[in-house]
Amino acid sequence: MRNAWFETVAEAQRRAKKSLPPSVYMALVAGSERGKTLEDNIDAYSELGFAPHVANLAPKRDLATTVMGLHLDLPVMISPTGVQAVHPDGELAVARAAAARGTAIGLSSFGSKTIEQVVAVNPKTFFQLYWSGTRDQILARVERARAAGAAGIIVTLDWSFSQGRDWGSPNIPEHLDLRTMVRFAPEVLRRPRWAAQWARSGALPDLTTPNMQLPGQPAPTFFGAYSEWMSTPLPTWDDLAWLRSHYAGPLMLKGIMRLDDALQAVDVGFDAISVSNHGGNKIDATKASVRAIPVIAEAVGSQVDVLLDGGVRRGSDVVKAVALGAKAVLLGRAYLWGLAANGQAGVENVLDIMRSGIDSGLLGLGKSSVLDLTKDDLLIPDGFERRLGVPAELPVDP
Ligand SMILES: Cc1cc2nc3c(=O)[nH]c(=O)nc-3n(C[C@H](O)[C@H](O)[C@H](O)COP(=O)(O)O)c2cc1C
């Protein structure tokens, strides 16, 4: 039998591609339009360099940090992703893996498991909220998360509803009924391991969003929830201030890409921001999040926790982001590939890859703690913060 352990996130992605039905795999690749931002999120890291030392290195390195007052064993958290059907244990496997490695998870509004189930396996769970529905409905979801014991709320505002992809979008069904199963049978039959996992679990991906459920109503389907979100008036800074005034717990705004917005978020009273372009799902040609963080962290890093997500695939990427001012990073696709490749153990494997890569980075840079990293530990090319990668091929085979 093949060794289930993998050495890199790239290998986890190869295994995910082989094991997932193409429609599910393509939904994870995502990225809007040409995929320019999707690529730049990853490529920008390789423009940053190191100049390691060889002696007087720290014999022990401390990776621990805090985010919004919560202790993390390493500066890496799980970003919320609303993907169903990757693995029957879904967010429970991810949350258990995060707990086993001493870190926190963001649970998507569009996740497949409830906030109550996820908090029960990892108390370091943040509930991610989209601005969807009326103010009363938004507060009902926030209150549910608070009552469930969520460690805080992440408000995601970096989705700009542009879905066209030059390499095509997967066809995601509304429900998995008999007709749909027949339609998807050819691709599922080519992925017997994935099908067997679901068969063993005794259920099919139900494609509902239990955290969007409102009292007295059934859980909406993914598309039902999406359409409520799309038809909700877009939030203003006053709406966000209203939310702040109704929720006293730790509150993060995910999706900041500009200094003026970061300053507004601080004014509104957010405790943290994540510099993010939704993993390349914002307007295409938005620059990489790692290019945006230096100026933002410099300006507001002493007032709020500044995090980053987008393109993190290695421990050395984490070292670079932290050196540029991130308190921690959030992983998106990296852990999804791990989940697809090997369930909970695959997510732990990804977190271990991050841990050992960060540790090596600290060793080479002669640092004893992630808290000691600074910009001076990096070689940063001129114009790094402004440039947007060179043109390249489309991100995946059609
Ligand atoms: C398939 C997919 C689904 C996502 N769903 C959500 C979501 O429901 N809520 C959210 O806040 N962000 C969502 N995101 C964005 C991630 O939280 C994160 O910002 C992004 O994946 C980071 O980029 P990376 O995948 O390169 O690490 C999603 C991303 C992907 C790839």
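Summary of computed values
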| read-out | value |
| --- | --- |
| Residue match in segment 224-233 (condition: outside any loop (DSSP other than H, G, I, E, B), within 16 Å of the ligand (Cβ to nearest atom) and acidic (Asp, Glu)) | yes |
| Qualifying position, being under 17 Å from Arg386 (Cβ atoms), within 16 Å of the ligand (Cβ to nearest atom) and either open to solvent by 10 Å² or more (accessible area, probe 1.4 Å) or not in a helix (DSSP H, G or I) (or both), among Asn277, Asn281 | Asn277 |
| Only one of Ala219, Ala241, Ala262 that is closer than 27 Å to Val83 by Cα and outside any strand (DSSP E or B) | Ala219 |
| Identity of the residue in segment 234-259, more than 23 Å from the chain's Cα centre (by Cα) and among the charged types (D, E, K, R), that ends up most open to solvent (accessible area, probe 1.4 Å) | Asp238 |
| Residue match in segment 172-191 (condition: at positive phi and modelled with pLDDT of 80 or more) | no |
| Selected residue [in contact (Cβ under 8 Å) with a residue 24 or more places away in the chain and either basic (Lys, Arg) or closer than 24 Å to Asp359 by Cβ (or both)] from Ala30, Ala58 | Ala58 |
| Subset of segment 149-164 (residues that are out of contact with any helix residue (DSSP H, G or I) (no Cβ under 7 Å at 6 or more places or on another chain), open to solvent by 20 Å² or more (accessible area, probe 1.4 Å) and among the hydrophobic types (A, V, I, L, M, F, W, C)) | Ala151, Leu157, Trp159 |
| Given (1) in contact (Cβ under 8 Å) with a residue 60 or more places away in the chain; (2) buried (at least 23 other Cβ atoms within 10 Å of the Cβ), index of the condition Glu91 fails | (1) |
| Residue under evaluation Leu330, criteria (1) within 16 Å of the ligand (Cβ to nearest atom); (2) out of contact with any strand residue (DSSP E or B) (no Cβ under 7 Å at 6 or more places or on another chain); (3) closer than 24 Å to Tyr25 by Cα; (4) at pLDDT 95 or above, criterion not met | (2) |
| Among the residues listed as Gln264, Gln217, the single one being out of contact with any Cys (no Cβ under 6 Å at 6 or more places or on another chain) and modelled with pLDDT under 95 | Gln217 |
| Residue that is closer than 30 Å to Gly366 by Cα, open to solvent by less than 30 Å² (accessible area, probe 1.4 Å), out of contact with any strand residue (DSSP E or B) (no Cβ under 6 Å at 6 or more places or on another chain) and not small (Gly, Ala, Ser), where the choices are Val54, Val9 | Val9 |
| Options Phe161, Phe184, Phe126: the member that is of a type outside the set (D, E, K, R) and closer than 19 Å to Glu91 by Cβ | Phe126 |
| Exclusive hit being β-branched (Val, Ile, Thr), within 16 Å of the ligand (Cβ to nearest atom) and open to solvent by 60 Å² or more (accessible area, probe 1.4 Å), set Ile42, Ile105, Ile78 | Ile42 |
| Criterion (of a type in the set (Ser, Thr, Tyr) and under 19 Å from the mean Cα position of the chain (by Cα)) met by exactly one of Ser369, Ser316 | Ser316 |
| Selection within segment 291-316 - open to solvent by 10 Å² or more (accessible area, probe 1.4 Å), within 16 Å of the ligand (Cβ to nearest atom) and assigned to a helix (DSSP H, G or I) | Ser316 |
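To keep it simple, each residue is scored yes or no on (1) assigned to a helix (DSSP H, G or I); (2) among the charged types (D, E, K, R); (3) over 21 Å from His53 (Cβ atoms); (4) in contact (Cβ under 8 Å) with a residue 60 or more places away in the chain.
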residue: Ala326; (1), (2), (3), (4): no, no, yes, yes
residue: Leu330; (1), (2), (3), (4): no, no, yes, yes
residue: Ala334; (1), (2), (3), (4): yes, no, yes, yes
residue: Leu339; (1), (2), (3), (4): yes, no, yes, yes
residue: Val350; (1), (2), (3), (4): yes, no, yes, yes
residue: Asp359; (1), (2), (3), (4): yes, yes, no, yes
residue: Leu371; (1), (2), (3), (4): yes, no, no, yes
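The values are calculated or read from the model by the stated rules, or taken from the named source; none is laboratory data. Keep in mind the model is a prediction, meaning the values are calculated, not measured. Neighbour counts run over all protein chains shown; Cβ positions are idealised from the backbone, glycine included. To get the accessible areas, we keep the full protein, side chains included, count just its heavy atoms, and leave off ligands, DNA and RNA. Shrake-Rupley method; radii C 1.70, N 1.55, O 1.52, S 1.80 Å.
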